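Q: Can you read through this structure? Questions will come right after.
The values are calculated or read from the model by the stated rules, or taken from the named source; none is laboratory data. Quick caveat: nothing in here was measured; it's all calculated off a predicted structure. Here the Cβ positions follow ideal geometry from the backbone for every residue, glycine too, while neighbour counts run over all protein chains shown. For accessibility, only protein heavy atoms count, side chains too; no ligands or nucleic acids. Shrake-Rupley method; radii C 1.70, N 1.55, O 1.52, S 1.80 Å.
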Amino acid sequence: MTQQNVVVCNTKSSGDLSVFPAASAAQKPPVGGGYISISRRPRRVLKNLEINGDNRINALVESMRASSPTHLMSTPSLTEEHSSWILRYPSALDMFDEIMKGSKGKQIVMFLDYDGTLSPIVEDPDRAFMSNSMRKTVRKLARYFPTAIVTGRCKDKVYNFVRLAELYYAGSHGMDIKGPTRTSKYNRDSNAEGVLFQPASEFLPMIDEVYQQLLDKTKSTPGAKVENNKFCVSVHFRCVDEKKWTELLHQVQSVLKEYPKLRLTQGRKVVEIRPTIKWDKGKALEFLLESLGFANCNDVFPIYIGDDRTDEDAFKVMEFLQRLVEWKQVSMRAR
């Protein structure tokens, strides 16, 4: 399908939403249409990491250390970079009217991350609960715009957190996609209802094997938590002493060296093991837009909201969503 134009809005560590030009989540050049993404400042990530050798481990540990909020704000070069970022990119909330002007005559489609966006980042990932006020806001949002949750989490686990049947859910970084359980008024394609797509299904037995081995390997590292997200495995180090990070990565390495079809990526206080297929959240967004009947058209305006650097940023996200709902309600009454 044709990639949409991209105007990316960033959630800064100060709790603001800011706007800046960038490529889409799929990292393709923008052509046609319109696209807004609200996400936090690009983090330092090592993707497709080859896991052999101490140099690779050391590089990943440094990347993990650099992505830590504590280190981020205490490192002069990163602090300067952050200040420059704030000056260069204005607040998306302040530019709300301009953003809505850009969406005139187009169907807005909402894509939302979960952890750090709809819920705060917490020490125990199993307790990343969504507040009732946020759930109420997202429910209102889905009345006016087709809405999807796109997350690295297991689809079923996020559904249990959100408990809104009218949404689309793309779990495991978009490798497990399911549509609403009720008829959606936004579907242009009747075949899109109940869409179920799992491009990495052949990897399920391998992922289960790796999960069980990682449980055993990491049990000697206090604070480490291994989470089975169905099509990927997450190893959380949020509660692990920084002095133990190298040891933890060696444990992960000892398992993954036997699985060349899997790759290691770094997220926010987590390393993740995924299949080496050409599929990610960006591809999931494209697939969902196509499923909704918006392939190769210019009358769609997707908005993506990604994870934040601080818990307080979730309130800024909710503020933006509430304002979007209010804008839609006013525009409907004005007809």
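Q: Can you run down the residue pairs with Cβ atoms below 8 Å, 6 or more apart or on separate chains, where the first is in the range 133-153 and more than 18 Å from residue 170 (Cα to Cα) and open to solvent by less than 10 Å² (accessible area, probe 1.4 Å) and the partner is of a type in the set (Ser, Thr, Tyr) and not in a helix (DSSP H, G or I)?
A: That search, which allows pairs on different chains as well, returns 134/119.
Q: Another question, then. Would you confirm whether any residue within the range 239-259 is in contact with a Leu (Cβ under 8 Å, 6 or more places away or on another chain) and open to solvent by 30 Å² or more (accessible area, probe 1.4 Å)?
A: No, every residue in the range 239-259 fails to be in contact with a Leu (Cβ under 8 Å, 6 or more places away or on another chain) and open to solvent by 30 Å² or more (accessible area, probe 1.4 Å).
Q: I would also like to ask the following. Answer yes or no as to whether residue 327 is in a helix (DSSP H, G or I), touching a residue at least 40 places away in the same chain (Cβ under 8 Å), more than 23 Å from residue 126 (Cβ to Cβ) and open to solvent by 40 Å² or more (accessible area, probe 1.4 Å).
A: On the way: in a helix (DSSP H, G or I): yes; touching a residue at least 40 places away in the same chain (Cβ under 8 Å): yes; more than 23 Å from residue 126 (Cβ to Cβ): yes; open to solvent by 40 Å² or more (accessible area, probe 1.4 Å): yes.
Here the answer is yes, as residue 327 does meet what is asked.
Q: Within the range 200-292, considering only helices (runs of 4 or more DSSP H) that don't extend past its boundaries, which have at least 1 residues that are out of contact with any His (no Cβ under 6 Å at 6 or more places or on another chain) and without any contact (Cβ under 8 Å) to a residue 12 or more places away in the chain? Give the steps one after another, and end with the answer.
A: Values: elements: 204-218, 245-256, 281-291.
Correct list: 204-218.
Q: Residues 109, 138: which one is modelled with pLDDT under 95 and within 28 Å of residue 297 (Cβ to Cβ)? Outline the logic, then answer.
A: Values: 138 fails: modelled with pLDDT under 95.
When all the criteria are applied, what remains is 109.
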